[in-house]
Amino acid sequence: MTARFGEAKLGVELYWLPLGAGGHSVRLNGRVFEAIAARVGRRDRCDLYHSALIVRAPMAAYIIEQGPAWQDLPADRGVVAEGAVGARAAGRFKLFRYEIRCWRDGILPDIGEAVDSPQRLAEDAAAAERVLRVIQTVPAPVWGRDELQTGEMWNSNSVISWLIVRSGLDVDAVRLPTHGRAPGWHAGVVLAHRA
């Protein structure tokens, strides 16, 4: 399911999408990754989530999300940054690049599968406008690596948590779904606090 946005309250909303929603390959790889991580960490397995924001400003709604650069999407999808996947050298090929989007009146694929969402992080135009300003400076290190030495790999959750902190929103108020985990979340928080 895909969502488009019209009239709604101003502010910022967080969505938790199950990792691999709408696809089988990413979901399977995520389960394998989590099984290994749980075994190494001597803990129970968790459900993995990918985060995204909907920012409702006075003139439009924006979808903020990280996704593959090779997806078949319109050219006006608001790409603000691109980065390599796995290794910097691999980023020469579109298949190994990700993009960070701030898509005006865009779409959020698979919103119908969102869990414990939306979480309202702000309910005013000023907060929405801060997020839209800060997203223009988002870092784009190598996805799946910890090249910035935050203690965790960089991924889509890192982008969202970095943006929440740098925009002055309360990252401690964010709640994960029950039995959920968002790999990369901590990396964004650590990097945002360094700035």
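A few comments on the model shown:
- Shape metrics for the chain, restricted to C-alpha atoms - Rg then Dmax, Å: 15.9, 49
- GLY168 sits among other residues whose Cβ lies under 13 Å from its own Cβ, and their net charge, with Lys and Arg +1 and Asp and Glu -1, is -1.
- Comparing GLY86, GLN71, GLN119 along the charge dipole axis of the stretch 2-189, the residue lying farthest to the positive side is GLY86, per the Cβ-charge model.
- Magnitude of the charge dipole for the chain, about its Cα centre and with charges confined to Cβ atoms of Lys, Arg (+1) and Asp, Glu (-1), is about 540 debye.
- Where Rh is the Kirkwood radius over Cα pairs, Rg/Rh for the stretch 146-195: 0.96
- A simple count of charges around VAL55, restricted to other residues whose Cβ falls under 13 Å of its Cβ and scoring Lys, Arg +1 and Asp, Glu -1, yields +1.
- For the stretch 108-153: rounded, prolate or oblate by the Cα gyration tensor [a/c cutoff 1.5]: oblate
A short reminder: the numbers here are calculations on the coordinates, not readings from a lab. These numbers come from a predicted model, not from an experiment. Neighbour counts run over all protein chains shown; Cβ positions are idealised from the backbone, glycine included.
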